[in-house]
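Encoded as structure tokens, the structure appears first; notes follow it.
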Amino acid sequence: MKSKIFAVTLAVFTASCNQAKQTDSTVTKTQIITENNQQANEGYELMKTNCYVCHNPKAASHDDLIAPPFKAVKRQYANAYNTKTDFVNAIVNWVQNPVEEKALMRGAVNKFKVMPKLPLPKQNLEKIAAYIYENDVEEPVWLQVQMKEMQGKGMGKKTGKMDKN
């Protein structure tokens, strides 16, 4: 009888330990998802507050912008940089020290000139760049038409991607 009680107690204890491990694992996954969502929201809010003044995806046309839309920025930087780290570093370095000779988007510099140096903390710039890298940024309704028009002007005829020059 004692051995049966011991066996049942051991089985219940083992099952509760396994359930606790699963709960801990679920909490950890939930915490990670929540933290990622918070970081994405923070990156988006920083981008909207600090960048949409010039890069607004709601602009009526390309002619109404004073800087390229982030969809075009993302496409160009993603073509040039294969990893998130390189992408984020390139964006941060550009924003901290925008110099015409180092411009990745020559067409944008020709049209809009070099952007001003922004006095934002590096940590905020990293959050903005990470948001751009990890998310589908808003695309102006006119962008696809603009891209097709640009293909006839030497902008990625074969691949549909923007050229560096």
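On the basis of being over 24 Å from Glu139 (Cα atoms), touching a helix residue (DSSP H, G or I) at 6+ places or on another chain (Cβ under 9 Å) and either surrounded by fewer than 16 Cβ atoms within 10 Å (Cβ to Cβ) or at pLDDT 95 or above (or both), does Gln19 make the cut?
Values: over 24 Å from Glu139 (Cα atoms): yes; touching a helix residue (DSSP H, G or I) at 6+ places or on another chain (Cβ under 9 Å): no; either surrounded by fewer than 16 Cβ atoms within 10 Å (Cβ to Cβ) or at pLDDT 95 or above (or both): yes.
So Gln19 fails the test.
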Any residue at all in region 124-143 that is surrounded by fewer than 15 Cβ atoms within 10 Å (Cβ to Cβ) and at pLDDT below 75? yes
Going through region 112-131 one residue at a time, which ones are free of Cβ contacts under 8 Å to residues at least 40 places away in the same chain and either within 16 Å of the chain's Cα centre (by Cα) or closer than 17 Å to Ala67 by Cα (or both)? Lys113, Val114, Pro116, Lys117, Lys122, Gln123, Leu125, Glu126
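Check region 85-96 and report whether any residue there is small (Gly, Ala, Ser) and modelled with pLDDT under 90.
Pass one, region 85-96, residues small (Gly, Ala, Ser): 90.
Subsequent filtering for residues that are modelled with pLDDT under 90 retains none.
For region 85-96, residues small (Gly, Ala, Ser) and modelled with pLDDT under 90: absent.
The values are calculated or read from the model by the stated rules, or taken from the named source; none is laboratory data. What you see is a predicted model; the values in this text were computed from it and never measured. Heads up, the Cβs are rebuilt from the backbone with ideal geometry, glycines too, and the neighbour counts pull from every protein chain shown.
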